[in-house]
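Asker: To start, I am sharing the structure in question, which I have written as structure tokens.
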Amino acid sequence: MATDSTGDFAGSTTSSPADLETADSVRGLGKDDLFSLVGKRALITGATGGIGGAIACAYAKRGARVFLSGRREEVLKGLAQKINTQETNTQEKNADVDAASGPIASIYPCDLSDRAAIDSMSARITNEHGGIDILVNNAGLTRDGLSLNMKDDAW
């Protein structure tokens, strides 16, 4: 493809960051609104690891209620306490969530290699919080073999 004198592809239409910001303000979106998770309920598996914990903190900062799952209950408790006491996690981000619905972070210890435990955890979250809007499948399990040939119990 050919480029014009500015280095852009010929015939392309580009917008400056200011143009995009103006367009967003016309639509009623602020910079933070685009990634708002206010009112969403997120289950994060593997929350006891570094990536899962970071995802949980980021989702909570964006206003989501986070359900932390992993095998190590003490680690889950520590992460939930951290999230629930973060200064950056203000109540105004969760203003539309009823205070009676509980803390921003809740723990659900679970061994994801146990199908019955998964079903029980899902039912518990649904009963206690009304459902799950976002699922982050972050837990790592090692099963060697071609995925097409794996049986359900290997998943």
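Laboratory data are not the source of any read-out in this text; all were calculated from the coordinates shown. Being a predicted model, the structure only gives us computed values, none of them experimental. Because the Cβ atoms are built from the backbone with ideal geometry, glycine has one as well, and the counts that use them run over all protein chains shown.
Asker: What's the ranking of 59-71, 111-123, 34-46 by average number of surrounding C-beta atoms within 10 Å, highest first?
Answerer: Highest mean packing first, the order is 59-71, 34-46, 111-123.
Asker: Go through segment 56-62 residue by residue and turn each phi into a ³J(HN,Hα) via Karplus (6.51, -1.76, 1.60, θ = phi - 60°); whole Hz please, and just put x for glycine and proline.
Answerer: For segment 56-62, the Karplus curve yields 4, 5, 5, 5, 5, 5, 8 Hz.
Asker: Where Lys and Arg each count +1 and Asp and Glu each count -1, what net charge lies around Asp133 among other residues with Cβ under 12 Å from its Cβ?
Answerer: So the surrounding residues net to +3.
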